[in-house]
Amino acid sequence: MSTQTPAASPSSRDGFSSRFGVFAATLGSAVGLGNLWKVPYLTGTHGGAAFLLVYLVATLLIGLPVMIAEISMGRKSRANAVTTLQTLAPTRGPWWLIGVLGMLAAFFILAFYSEVAAWIFAYILKAIRGEVISSDPTVTADEFTALIGDPVQSFLWQWVVLVLIGTILMFGITKGIEAVTKRLMPLLFVLLIVLCAVSLTLDEAKAGLEFLFKPDLDELTTSTVLVAMGLAFFKLSVGMGTMMTYGSYFKPDQNIPVTAFRVMCADVAVSLLAGIAIFPAVFTFGFVPEAGPSLVFITLPAVFSQLPFGQTLMVAFFILAAVAATGALLSLLEVPIAIFHERLRISRPRATVLTLGLLAAPATAAAFSQNLLINWQVADMTPFVLFDYVSSNIMLPLGGILIAVFVGWRWGWPAFSVALSNEGQLRNQRLARVIFTLLKYVTPLLVILVMAQGLGLA
Ligand code: PFF
């Protein structure tokens, strides 16, 4: 367990120890239930390829520049998200509130995300026991409804997940986050490729691929564009200080734009591979892609039951999802843990316990959203849905605008270019200029426009 003293000086600060470690941990944050649960169901409910296309454009024009901005800020300051903003803007303005907003977003996301992870972990066991194998989706739907409708199971599985992640984090950055993600990420790719290979042999593989890759632009509405942009933020874990926090553990000689670009490509690849694994199977067995959030829990088990070795493949799929959820949850919890550890000068284990304690209320509200609190709704949304909607469609885009504005108008070009070139070691000024211009003008304007339209304000 990390024995490092609280708020250690930058030189003795824990951090990622190798290039692959940096990549695996950052990719581990980006790849998560977003790829296997959100991207497929949002693509399914928002018209397929056209939605994917908007998501890809938002990823490139908005998500990637903000990711690069966050990582360079974190690496420059070598501190948690709140301190990073304080350090980089020591005199004027309450910029540090961006860090606080990010921490709040982390709690909101953790609350519902840990519940979806809870269902995933529960499904591993159910799949091993053969409980959810049936070609009849009404049977698989009953299984899922029984799980989420049971407050005790929803609550307990959530805490199994949270305690597991909290325990890994107590070991620190090198021995905790890096050690785990370095082993899990390759496993994730292997499992995913096996599932894709099986799916592509199915009769209706072509229909599934067309749904994914042949855009019908008539399907696009402004609220679809807002959802696609929210997804771009959520997917790359940006707009809330996660990448700032991970950036503070980056090595000084790590090439930030190249690493961020690779992470983005690998993340998009995982989403596309997940789509290739899921949609051909959905079409082949006559299901509809618009099933919504339950796609993974109801439709997929019914699909697996019709495949050769279906049960084994299903166990593999839910292990894959659990692996993905683990890397993302580590980074989500790390945001408040780093803040409490460094600012309150308490040890990492204590900061972890404090974070989990504060998370208990919103997490429980999310766990009970499908049962005890089902009638507790704000604007027709249960706490679970509300946390998801507010974080993805409001808090992350807002955080993204503020971070872009901060870099473009406050931190400024000289500091940004020095940070991106590793203090002049890399010759990437032209690239840095493009990214800086995107951050200064394009990102804030685009995000404001999409938010205003999507939220019905313009
Ligand atoms: N990027 C993760 C996913 O797609 O599942 C979710 C996530 C992790 C969002 C960490 C935000 C974050 F800070």
- Item | For the range 39-55, 3J(HN,Hα) per residue [Karplus equation, 6.51 cos²θ - 1.76 cosθ + 1.60, θ = phi - 60°, Hz, x = Gly/Pro] | 4, x, 6, 5, 4, x, 8, 10, x, x, 4, 4, 5, 4, 5, 5, 4
- Task: Only helical DSSP H runs with n ≥ 4 go in: add -39500 (n - 2.57) per run for the chain, normalise by residue count and round the 222 nm mean residue ellipticity to 500 deg cm²/dmol.
- Result: -21500 deg cm²/dmol
- Estimate the FRET efficiency between Val139 and Glu290 by the formula 1/(1 + (r/R0)^6), using the beta-carbon distance for r and 30 Å for R0, to the nearest 0.05. 0.90
- Item | Label-point gap, in nm, between Ala269 and Val434 - each point 7 angstrom along Cα→Cβ | 2.0 nm
- Item | Overall dimensions of the range 32-150 as given by Cα atoms, namely Rg and Dmax in Å | 20.3, 63
- Note on the structure: Mean projected area, convex hull of alpha-carbon positions in the range 299-357, reported to one decimal in nm², is 5.2 nm²
- Query: Normalised by the residues of the chain, what does the relative contact order come to in percent, with Cα pairs under 8 Å and at least six apart?
  - Reply: 34 percent
- Query: How do the peptides 89-99, 278-288, 190-200 rank, highest first, by the average count of neighbouring beta carbon atoms within 10 Å per residue?
  - Reply: 278-288, 190-200, 89-99
- Taking Cα atoms, how many degrees apart are the long axis of helix 222-235 and the longest axis of the chain, rounded to 10 and kept between 0 and 90? 70 degrees
- Item | Tail fraction, Cα-Cα pairs, the chain, threshold 42 Å, whole percent | 11 percent
- Task: Please find the FRET efficiency linking Leu372 to Glu423, where r is the Cβ-Cβ separation and R0 is fixed at 56 Å, and quote it to the nearest 0.05.
- Result: 0.55
- Determine the gain in length on full extension of the stretch Leu449-Phe213; use 0.36 nm per residue of separation and subtract their C-alpha separation, reporting nm with one decimal. 82.3 nm
- Query: Just how large is the dipole of the range 171-247 about the Cα centre, in debye to the nearest 20, putting +1 at every Lys and Arg Cβ and -1 at every Asp and Glu Cβ?
  - Reply: 600 debye
- Task: Past 28 Å, Cα to Cα, is the threshold; run Lys38/Lys206; Lys182/Lys206; Lys76/Lys175; Lys38/Lys175; Lys126/Lys175 against it and keep the listed order.
- Result: Lys182/Lys206; Lys38/Lys175; Lys126/Lys175
- Expressed as a whole percentage, what fraction of the accessible surface of the chain belongs to carbon and sulfur atoms when a 1.4 Å probe is rolled over the protein heavy atoms? 67 percent
- Query: Dividing the convex hull volume of the alpha carbon atoms of the range 319-428 by its residue count, what do you get in Å³ per residue?
  - Reply: 193 Å³
- Query: Solvent-accessible area per residue for the chain at a 1.4 Å probe radius, Å²?
  - Reply: 38 Å²
- Message: Take Arg410 and Ala379, extend 7 Å from each Cα along the Cα→Cβ direction, and tell me the distance between the two endpoints in nm.
- Response: 2.6 nm
- In the range 353-372, which residues have a backbone nitrogen under 17 Å from the label point lying 7 Å from Val160's Cα in the Cα-to-Cβ direction? 367-368
- Cross-link reach list, aspartates and glutamates versus Lys235, counting only Cα pairs under 12 Å and skipping chain neighbours closer than eight places: Asp267
- Query: So what does log10 I(q)/I(0) come out to for the range 176-329 at q = 0.14, 0.20 Å⁻¹, using the Debye formula with one equal point on every Cα and no solvent?
  - Reply: -0.83, -1.39
- Over all distinct Cα pairs, what is the inverse of the mean 1/r for the range 167-219, reported as the Kirkwood hydrodynamic radius in Å? 14.3 Å
- Taking a label point 7 Å from the Cα of Ser17 along the Cα→Cβ vector, which residues of the range 164-197 have an amide N closer than 19 Å to it? 168-186
- May I have the convex hull volume per residue, in Å³, for the Cα set of the range 113-228? 193 Å³
- How large is log10 I(q)/I(0) at q = 0.14, 0.15, 0.28, 0.31 Å⁻¹ when the Debye formula is applied to the Cα atoms of the range 372-426, each weighted equally and without solvent? -0.57, -0.60, -0.98, -1.06
- Query: So what are the ³J(HN,Hα) numbers for the range 372-382, from phi and the Karplus equation (6.51, -1.76, 1.60; θ = phi - 60°), rounded to whole Hz, Gly and Pro as x?
  - Reply: 4, 9, 4, 8, 7, 10, 10, 6, 6, 10, 6
- Item | Cα-based helix-to-principal-axis angle, 151-170 vs the chain, degrees rounded to 10 | 40 degrees
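The values are calculated or read from the model by the stated rules, or taken from the named source; none is laboratory data. All of these numbers come straight from a predicted model, not from anything done at the bench. No Cβ is skipped: glycine too gets one built from the backbone with ideal geometry, and neighbour counts run over all protein chains shown. For the accessible areas, the whole protein counts, side chains as well, though only heavy atoms, and no ligand, DNA or RNA atoms are used. Shrake-Rupley method; radii C 1.70, N 1.55, O 1.52, S 1.80 Å.
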